[in-house]
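Below: one structure, written as structure tokens.
The values are calculated or read from the model by the stated rules, or taken from the named source; none is laboratory data. All figures in this text were calculated on a predicted structure; none of them were measured in a lab. Reconstructed Cβ throughout: ideal geometry from the backbone, glycine too, with neighbour counts over all protein chains shown.
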Amino acid sequence: MRTSNLLAVSVAVCALAACGGDLDPGAGSDPGTGSLTLFVEADIEASPIITNAGRSDGFQTSFDVRIRKNDVAVTTGTVTVTSNGGAVALVYDAGDDRWRGTQATYREVYELSVSSGDDFIDGVRIDGPALHRFTAPLAGAAVDALVPLVVSWERDEAADVARFDTEEINELEIADTGTYTVPVGGLKSKPDETSQERVRLDRSARVVPAGAIAGSSARVEVRNEIELLVAATGL
């Protein structure tokens, strides 16, 4: 009976507290609120620290936030990005007029808050893309530049935006279908020796902060990449 009572209380508490949390993957995005006095441009980017990482702990996430008021950089106050991994207080970098910080792993959902005097942006939540990893070709594979190359990746759901990049293809926006065929000429190659090529895919989600001025944005992007060997073409 005591166990049943504890379970009932636990379920009730969970319902009241919205178990799962606003920062869990799938929580959804929220434009937040603000004083409508600040311009903000936030880039949250997860990059792999191991080749073709397939787990969140194979990534490091960097935060890069540009904030301006009346076209003048905001250099004082607090800028915080919060995820299920905790809150990160960003530090102002005077050299680039950016607020910056890093966090281990990729947490997918991030919330941005800014406070500087009477100016603020609060609760801007971006539900980023799920991780992706390449399934073909394998990292380090030898490929032929004279035939189209089918590149495949796995992911849970399609991202809002996907960009494909090689040494010869510059951030081409593509549909996030899980496959892309690199045309002949899309890989770096040499006639008489093997070339090293890098295949990269960036997938992102974006939110327009409701409490910031026009043109503001907040973006979460996850990147993965593999290195390939391109055989000499003989041409």
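When Gly128, Gly140 are checked against the criterion of being in contact (Cβ under 8 Å) with a residue 40 or more places away in the chain and at positive phi, Gly140 stands alone in meeting it. Identify the single condition in (1) in contact (Cβ under 8 Å) with a residue 40 or more places away in the chain; (2) in a strand (DSSP E or B); (3) touching a Gly at 6+ places or on another chain (Cβ under 6 Å) that Ser115 does not satisfy, given that it satisfies every other one. Status for Ser115: all satisfied but (1). Scanning segment 108-142 for residues that are farther than 30 Å from Thr181 by Cα and not aliphatic (A, V, I, L, M) gives Tyr110, Glu111, Ser113, Ser115, Ser116, Gly117, Asp118, Asp119, Phe120, Asp122, Gly123, Arg125. Under the condition of being polar (S, T, N, Q) and under 30 Å from Val208 (Cβ atoms), the residues counted in segment 133-186 number 2. Which condition does Gly54 not pass, out of (1) under 15 Å from the mean Cα position of the chain (by Cα); (2) within 14 Å of Ile213 (Cβ to Cβ); (3) assigned to a loop (DSSP other than H, G, I, E, B), if it passes all the others? For Gly54, the exception is condition (2).
Among the residues of segment 156-192, those identified as buried (at least 19 other Cβ atoms within 10 Å of the Cβ), in a strand (DSSP E or B) and under 15 Å from the mean Cα position of the chain (by Cα) are Ala162, Arg163, Phe164.
A single entry from Gln60, Gln103 fulfils the requirement of being surrounded by fewer than 18 Cβ atoms within 10 Å (Cβ to Cβ), assigned to a strand (DSSP E or B) and either in contact (Cβ under 8 Å) with a residue 24 or more places away in the chain or under 17 Å from the mean Cα position of the chain (by Cα) (or both): Gln60.
When you check Ile226 against the structure, is it within 30 Å of Asp22 (Cβ to Cβ), at pLDDT 95 or above and touching a Pro at 6+ places or on another chain (Cβ under 8 Å), yes or no? Criteria not met by Ile226.
Residue-wise test of (1) in contact with a Phe, Trp or Tyr (Cβ under 9 Å, 6 or more places away or on another chain); (2) among the charged types (D, E, K, R); (3) more than 30 Å from Ala42 (Cα to Cα).
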residue	(1), (2), (3)
Thr135	yes, no, yes
Trp153	yes, no, no
Phe164	yes, no, no
Ile169	no, no, no
Thr181	no, no, yes
Arg198	no, yes, no
Val207	no, no, no
Ile213	yes, no, no
Arg219	no, yes, no
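Here is a check on your reading of the model: is Ala87 assigned to a strand (DSSP E or B), surrounded by fewer than 16 Cβ atoms within 10 Å (Cβ to Cβ) and of a type in the set (Gly, Ala, Ser)? When the stated conditions are applied, Ala87 passes them. Give me the residue from segment 193-206 that is basic (Lys, Arg) and surrounded by fewer than 20 Cβ atoms within 10 Å (Cβ to Cβ) and, out of that set, nearest to the chain's Cα centre (by Cα). Going through the qualifying residues, I end up with Arg206. Within segment 75-121, being in contact with a Pro (Cβ under 7 Å, 6 or more places away or on another chain), among the hydrophobic types (A, V, I, L, M, F, W, C) and farther than 15 Å from Val40 by Cβ holds for one residue alone: Val109.
Residues that are more than 30 Å from Gly234 (Cα to Cα) and surrounded by fewer than 18 Cβ atoms within 10 Å (Cβ to Cβ) do not occur anywhere in segment 135-153.
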